[in-house]
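Notes for the one structure printed next.
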Amino acid sequence: MDLGYFLFIVSGLKYNSLIAVTSFVTGLALAIAIILVDEAVIKARGRITRFYSYVFTGIPPLVIISIMYWLVLPSLGVRSSPVIAAIMAFSLRTSAFQAMILKSTINSLDESQVQGGLSLGLNIREVYTYLVIPQAVVLSIPSLTNELASLLKESTQALAIGVLDTLARARYVTIATGYSLLWLGITGIIMYLLSNSLILTARYLQRKGLFPGTSRDLLTSPGTSEKNYGEGAKQNRLKGSLLMFMSLRIKRQSL
């Protein structure tokens, strides 16, 4: 195995990482905006989120990438860039999945938190902005990490529009050497190790209690039994909510 070919393939990870991370962050911001509009502005009670997720999760990624690269960017008068087109396409797709993740987490929160925020004089938009969505994001970190890992693997589809990522470089090496199984297998192992390292790292940090509200050690007090885990989680969330309510109330009174 030629080390130069291997390094050539590995160097394509910069494009996979750039597309995955940028799309993930953009998609998270878009998902939060959709939920805010859905729940706090239009008050459609999840209908907009469900429709948006239904549309963009049902369209294959390659179709969205092709539309962005061959239709959307040229129609906007923007010079077609494969990386930008891929980021735009994956941002739309991952925002649909992240919106579903956040919406499911929001539905699991106690409704008394919203009612408590409203009773303190906050409007529904402030309740979702300062209380509900921050909690949902923190509690969804494990699921969002899985989405980032999936996005990293899906980013290899950007080779269809000319992005020189790991898979595209592996194809060039395969053509040059004729060993398709070897180099494509190495590429698969690289992506497998990278994506699973994200998931394993998130699980390790979760067990260590570094994700507030997601660790069993944080949600239950010492001596709490397994049966009372859900009750302990609810009590700790309510305590955190009360602290946030009081800080918001003090902030509003100082203005």
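The values are calculated or read from the model by the stated rules, or taken from the named source; none is laboratory data. Since this is a predicted model, take the numbers as computed values, not measurements. Positions of Cβ are generated from backbone atoms using ideal geometry, with glycine treated the same way; all protein chains shown enter the neighbour counts.
Restricting the first member to region 24-47 and to residues that are under 18 Å from GLU126 (Cβ atoms), and the second to residues that are outside any helix (DSSP H, G or I) and not basic (Lys, Arg), the beta-carbon pairs closer than 6 Å and six or more apart or on different chains are ASP38/ALA44.
Looking across region 10-28, the residues that are closer than 17 Å to GLN157 by Cβ and of a type in the set (Val, Ile, Thr) come down to ILE19, VAL21, THR22. Looking across region 103-116, the residues that are of a type outside the set (Gly, Ala, Ser) and closer than 23 Å to TYR52 by Cα come down to LYS103, THR105, ILE106, ASN107, LEU109. Please verify whether region 153-163 includes one or more residues that are at pLDDT 90 or above, among the hydroxyl-bearing types (Ser, Thr, Tyr), assigned to a helix (DSSP H, G or I) and under 19 Å from the mean Cα position of the chain (by Cα). Yes, region 153-163 has at least one match.
Being in contact (Cβ under 8 Å) with a residue 12 or more places away in the chain and either surrounded by 18 or more Cβ atoms within 10 Å (Cβ to Cβ) or closer than 23 Å to LEU144 by Cα (or both) is the requirement here; does PHE51 meet it? Against the criterion (in contact (Cβ under 8 Å) with a residue 12 or more places away in the chain and either surrounded by 18 or more Cβ atoms within 10 Å (Cβ to Cβ) or closer than 23 Å to LEU144 by Cα (or both)), PHE51 does not qualify. The residues of region 1-24 that are within 23 Å of the chain's Cα centre (by Cα) and not aliphatic (A, V, I, L, M), listed by number, are GLY12, LYS14, TYR15, ASN16, SER17, THR22, SER23, PHE24.
Those residues that are among the small types (Gly, Ala, Ser) and more than 15 Å from GLY12 (Cβ to Cβ), I need them from region 126-167; list them, please. Write out each step before concluding.
The initial filter retains those residues of region 126-167 that are among the small types (Gly, Ala, Ser), namely 136, 140, 143, 149-150, 155, 158, 160, 162.
Passing the criteria: ALA136, SER140, SER143, ALA149, SER150.
Do you know which of the residues in region 3-19 that are in contact with an Asp or Glu (Cβ under 8 Å, 6 or more places away or on another chain) and part of a helix (DSSP H, G or I) is surrounded by the most Cβ atoms within 10 Å (Cβ to Cβ)?
Filtering region 3-19 for residues in contact with an Asp or Glu (Cβ under 8 Å, 6 or more places away or on another chain) gives 12-13, 15-16, 19.
Cutting the leftovers down to part of a helix (DSSP H, G or I) gives us 13, 15-16, 19.
Numbers: LEU13: 18, TYR15: 22, ASN16: 25, ILE19: 27.
Checked region 3-19; the qualifying residue surrounded by the most Cβ atoms within 10 Å (Cβ to Cβ) is ILE19.
Just a yes or no: is a residue in region 30-53 at pLDDT 95 or above, among the aliphatic types (A, V, I, L, M) and farther than 23 Å from LEU139 by Cβ? Checking region 30-53: not a single residue is at pLDDT 95 or above, among the aliphatic types (A, V, I, L, M) and farther than 23 Å from LEU139 by Cβ. ARG171: at pLDDT below 95, part of a helix (DSSP H, G or I) and within 13 Å of ILE9 (Cα to Cα), yes or no? Yes. For SER225, the requirement of being out of contact with any helix residue (DSSP H, G or I) (no Cβ under 8 Å at 6 or more places or on another chain), at pLDDT below 90, part of a helix (DSSP H, G or I) and hydroxyl-bearing (Ser, Thr, Tyr) is not met. Annotation: SER104 fulfils all but one of (1) within 30 Å of GLY46 (Cβ to Cβ); (2) of a type outside the set (Val, Ile, Thr); (3) crowded, with 22+ Cβ neighbours inside 10 Å; the unmet one is (3). Residue check: SER119 meets all listed conditions (1) in contact (Cβ under 8 Å) with a residue 12 or more places away in the chain; (2) farther than 21 Å from SER53 by Cα but one, namely (1).
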